[in-house]
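In what follows, a structure is listed as structure tokens, so that the remarks can point back to it.
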Amino acid sequence: MTTVTFHMEGSRITGFEARGHSGYAPAGGDIVCAAVTSAVRLVECTVNDVMGLRAGVKVDEAVAAISLRLPGGLSAAAEDTCQSLLTGLMVYLTQLHDEYPDHIEVLEA
């Protein structure tokens, strides 16, 4: 199962960690893993490559994990955009959980 944990400070999302394989299908044909990976990479690329914010990203391929932490001191506009991106990711992954409840879990911590 893939577990995605969103890290919170009150109602603010400060980052997330996605860990594990969904187990929906063998590697290379797992649509749940592909959906999670694609969404996570889109957010990471938008935050770091498009917005240039240098969010901390850690990848651990041995346990199929990726985490992202927003940097501090963001401008109000950057903060709003990041919160919209991360909230959208949370909503998307929650909807994916609704479709595949045995393969993805979404948590807040």
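Would you mind checking the tilt of helix 31-45 against the longest principal axis of the Cα atoms of the chain, expressed as 0 to 90 degrees and rounded to 10?
10 degrees
Looking only at the chain, where both bridge partners belong to it, what percent of the DSSP beta bridges are antiparallel (to the nearest 5)?
Values: 17 of 22 bridges.
Roughly 75 percent of the beta bridges in the chain run antiparallel, per DSSP.
Using unit Cβ charges (K, R positive; D, E negative) and no other charged atoms, how large, in debye to the nearest 20, is the dipole of the chain about its Cα centre?
For the chain, the charge dipole is close to 300 debye.
Using a 1.4 Å probe over the heavy atoms of the protein chains, calculate the carbon and sulfur portion of the accessible area of the chain as a whole percent. Walk me through the intermediate numbers first.
On the way: 3300 of 6100 Å².
That fraction is 54 percent.
Nearest 10 degrees is fine. How inclined is helix 76-99 to the longest principal axis of the chain, computing both from alpha carbons?
Relative to the chain, helix 76-99 is tipped by roughly 10 degrees.
What number, in percent, do you get for the relative contact order of the chain if the mean sequence gap of Cα pairs under 8 Å and at least 6 apart is divided by its residue count?
Numbers: 156 pairs, mean separation 40.4, N = 109.
The value is 37 percent.
When Lys and Arg each count +1 and Asp and Glu each count -1, what net charge do the other residues less than 12 Å away from K58, Cβ to Cβ, add up to?
Values: positive: R19, R69; negative: E17, E44, D60, E61.
Net charge around K58: -2.
Based solely on C-alpha atoms, express the radius of gyration and the Dmax of the chain in angstrom.
In Å, with Rg to one decimal and Dmax whole: 13.7, 43.
For the chain, report the accessible area per residue in Å² (1.4 Å probe, heavy atoms, rounded to an integer). Walk me through the numbers on the way to the answer.
Values: 6100 Å² over 109 residues.
Averaged over the residues of the chain, the accessible area is 56 Å².
Report the net charge of residues surrounding T94, where surrounding means a beta-carbon distance below 14 angstrom and charges are Lys +1, Arg +1, Asp -1, Glu -1. Could you put the intermediate results ahead of the total?
Values: positive: none; negative: D98, E99, E105, E108.
Neighbourhood net charge equals -4.
The values are calculated or read from the model by the stated rules, or taken from the named source; none is laboratory data. Being a predicted model, the structure only gives us computed values, none of them experimental. Cβ coordinates were reconstructed from backbone atoms using ideal geometry, including for glycine residues, and neighbour counts include every protein chain displayed. Ligands, DNA and RNA are stripped out before the accessible areas are found, and what is left, the full protein with its side chains, is counted by its heavy atoms. Shrake-Rupley method; radii C 1.70, N 1.55, O 1.52, S 1.80 Å.
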